[in-house]
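Only one structure is covered here, and it is reproduced in the block below.
The values are calculated or read from the model by the stated rules, or taken from the named source; none is laboratory data. On a predicted model such as this, the values are computed, not experimentally measured, just so you know. Cβ sites come from the backbone with ideal geometry, for glycine too, and all protein chains shown count toward neighbours.
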Amino acid sequence: MTPVLELADVTFRRDGKQIIDGISLTVEPGDHWALLGPNGAGKSTLLGFCAAVTFSTTGTVRVLGQQMGRVDLAAVRRHIGHVNPRHRLQSPLTVREVVLTGITATIDLPIRWTPGPAELARADAMVESVGLSHKADDRWPMLSQGERGRALIARALVAEPQLLLLDEPTTGLDVAAREQLLETMDGLDDTHPDVASILVTHHLEELPTTTTHALLIADGRTVASGRAREVITTDTVTTAFSHPVRVGYSEGRWSARAKATRYDV
């Protein structure tokens, strides 16, 4: 099968500063990648390549088999779902209406657009898939942050994307809301088995159990890349974050804590 995403030795410079330095990545259908690294590592820039919104300075970027710079980007973006917890609405849409904006690829519903029965059915199915059927008619300002996160996942999936990008989706959530969102993301492995995903975070506790691969970066360079169980380790995380961190793994979930240097009695 054609890879969903290919980055080949990409670099990116801004104002003379090297932001990304020779990173390569191949994402296959059904892969679930974690993009890990400290603040300022270059994660947002890499996600821009994946979303077909940022051009690399050198190297090659292919999204859904199409090479950046040689294809209609709007056509490619229609097959990419993007979950951003900083999603800004201009009007207080309902959950159902927010999900429908995933079909139109807009922030708000277009003035002269009316969804047909099939589109409404798809939206309701997506709302149900993330456990929000009882909230379908609730308006955005009334939702909790966790409910908004699940609604944004439904919005991203309603257009039937091949690639799902999740940009720190658990930002601002309490523990219970975070776990509910992670359960929703784990469920995608059953409901959308061919959809590939890339989740950006700097917290190992925010990785779903369905995470298959990981790319750890620091200072715009690759620290480790490959199968998640093999590359998310005490050594690689310590290197990426430039701090002694002990990594744990239990029941499909990772944890991280600083290596204790002293104990208070």
Considering only segment 156-179, state which residues are without any contact (Cβ under 8 Å) to a residue 60 or more places away in the chain and either small (G, A, S) or closer than 12 Å to V98 by Cα (or both). V158, A176, A177
Could we say that E160 is crowded, with 16+ Cβ neighbours inside 10 Å, acidic (D, E) and either in a helix (DSSP H, G or I) or over 15 Å from the mean Cα position of the chain (by Cα) (or both) here? no
Would you be able to say whether some residue in segment 225-235 is crowded, with 22+ Cβ neighbours inside 10 Å and outside any loop (DSSP other than H, G, I, E, B)? no
Residues of segment 37-72 being touching a Lys or Arg at 6+ places or on another chain (Cβ under 6 Å) and modelled with pLDDT of 90 or more, in sequence order, are G37, T57
Considering only residues that are over 23 Å from L165 (Cα atoms), in contact with a helix residue (DSSP H, G or I) (Cβ under 9 Å, 6 or more places away or on another chain) and touching a residue at least 24 places away in the same chain (Cβ under 8 Å), which ones fall in segment 129-151? K135, A136, D137, D138, R139
Qualifying residue in segment 219-241 (condition: among the basic types (K, R), without any contact (Cβ under 8 Å) to a residue 60 or more places away in the chain and in the same structural domain as L188 (by TED's automatic domain parsing)): yes
In segment 167-186, how many are among the aliphatic types (A, V, I, L, M) and closer than 18 Å to V127 by Cβ? 3
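This table checks each residue for (1) part of a helix (DSSP H, G or I); (2) among the charged types (D, E, K, R); (3) surrounded by fewer than 22 Cβ atoms within 10 Å (Cβ to Cβ).
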residue	(1), (2), (3)
T2	no, no, yes
E6	no, yes, yes
T11	no, no, yes
S24	no, no, yes
G30	no, no, yes
P38	no, no, yes
V53	no, no, yes
S56	no, no, no
R62	no, yes, yes
Within segment 93-100, can one find any residue that is aliphatic (A, V, I, L, M), in the same structural domain as A8 (by TED's automatic domain parsing) and assigned to a loop (DSSP other than H, G, I, E, B)? no
Out of D108, D194, D186, which single residue is within 28 Å of L73 (Cα to Cα), at pLDDT 90 or above, surrounded by fewer than 18 Cβ atoms within 10 Å (Cβ to Cβ) and among the acidic types (D, E)? D194
